Amino acid sequence: MSTERVVLVTGGNRGIGRAIAERFVAAGYRTAVTARSGEGPEGTLTVRADVTDAASLDAAFSEVERELGAVEIVVANAGITKDTLLLRMTEDDFDSVVATNLGGTFRVVKRASKGMLRAKWGRVILISSVVGLYGSAGQINYSSSKAALVGFARSLTRELGGRGITANVVAPGFIETDMTAELPEETQAEYKRTIPAGRFGAADDVAGAVVWLASDDAAYVSGAVIPVDGGLGMGH
Ligand SMILES: NC(=O)c1ccc[n+]([C@@H]2O[C@H](COP(=O)([O-])OP(=O)(O)OC[C@H]3O[C@@H](n4cnc5c(N)ncnc54)[C@H](OP(=O)(O)O)[C@@H]3O)[C@@H](O)[C@H]2O)c1
């Protein structure tokens, strides 16, 4: 039964990752989250990991394997922003965002793929962003790292699609979390005017799409980009 499957969500201590973990728990999955700080929601196993550090991830996966079994569904959610205009963007602003959002996804998925290949079953779900394909002034580093996840999922689909493994991207729009709370009020109001739904989304809206992609109903969906953005990015 799919509801007994083991899922690992990176960055599950807060924001979208936490909402995703809550949904998986509610649906009966054996759910683990990685956290650098804090804890995942009730009913999850919290393991420490920094996605920029392959050794810490390896240890976290081993702990999940010991406690819950091999990871069958992985949600690469951990991500950061360091927004500024191109001319002000430092090498570190660029490199650290790419190392977390893209490099982190690479490390997490590479480690997860071992168990999935053995099981001949797996679900890889990458949390991108509407700005990956839509673009966003002040987010050259972030939008590049998020656009890259589309190529990642599609290449993975071509590599492992014949082994019972799917790889998909979820592209949230503006979702109410710590990440968007940091935006100045006038920027938030400006964004709301451009979103057909007229409001920011909730973390749980994203979680619904993720849990569906993990389900048996989505077995024949791979290499897709699922927007959860109130219509902001349609056509992109
Ligand atoms: N909020 C939005 O509107 C929005 C829109 C589109 C896409 N997204 C994407 O959705 C994902 C979650 O965003 P959010 O809004 O929930 O952000 P958030 O509230 O800022 O949470 C980010 C999560 O990522 C973790 N994280 C960051 N760097 C990490 C690292 N090096 N190693 C391990 N964990 C790390 C954080 O852990 P700590 O607590 O330890 O820092 C935290 O759990 C991100 O990939 C983001 O780009 C968000």
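Structure data summary
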read-out: Set A76, A35: member being in contact (Cβ under 8 Å) with a residue 24 or more places away in the chain and within 20 Å of G122 (Cα to Cα); value: A76
read-out: G115 within 13 Å of the ligand (Cβ to nearest atom) and surrounded by 15 or more Cβ atoms within 10 Å (Cβ to Cβ); value: no
read-out: A197 vs. criteria assigned to a loop (DSSP other than H, G, I, E, B) and within 16 Å of the ligand (Cβ to nearest atom); value: yes
read-out: Total residues in region 168-205, condition under 16 Å from I16 (Cβ atoms) and among the acidic types (D, E); value: 5
read-out: In region 46-78, the residues that are over 20 Å from G28 (Cβ atoms), in contact with a strand residue (DSSP E or B) (Cβ under 6 Å, 6 or more places away or on another chain) and away from the ligand (no atom under 13 Å from the Cβ); value: E63
read-out: Cross-chain or 6+ apart pairs with Cβ under 7 Å, region 153-171 first and at pLDDT below 95, then in a strand (DSSP E or B) and surrounded by 14 or more Cβ atoms within 10 Å (Cβ to Cβ); value: none
read-out: Hits in region 184-236 (condition: farther than 12 Å from V130 by Cβ, aliphatic (A, V, I, L, M) and touching a Ser or Thr at 6+ places or on another chain (Cβ under 8 Å)); value: A203, L213, A214, A218, A219, V221
read-out: Close pairs from region 172-184: first touching a residue at least 12 places away in the same chain (Cβ under 8 Å), partner assigned to a loop (DSSP other than H, G, I, E, B) and within 6 Å of the ligand (Cβ to nearest atom), Cβ under 9 Å, at least 6 apart; value: P172/S129; G173/S129; T177/R14; D178/R14; M179/G79; M179/I80; T180/F174
read-out: Complete set of residues in region 2-42 that are surrounded by 20 or more Cβ atoms within 10 Å (Cβ to Cβ), more than 8 Å from the ligand (Cβ to nearest atom) and of a type in the set (V, I, T); value: V6, V7, V9, I20, T31, V33
read-out: Only one of V75, V98 that is surrounded by 18 or more Cβ atoms within 10 Å (Cβ to Cβ), closer than 22 Å to A167 by Cα and hydrophobic (A, V, I, L, M, F, W, C); value: V75
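The values are calculated or read from the model by the stated rules, or taken from the named source; none is laboratory data. All values reported here derive from a predicted model rather than from experimental measurement. Backbone-built Cβ (ideal geometry, glycine too); neighbour counts: all protein chains shown.
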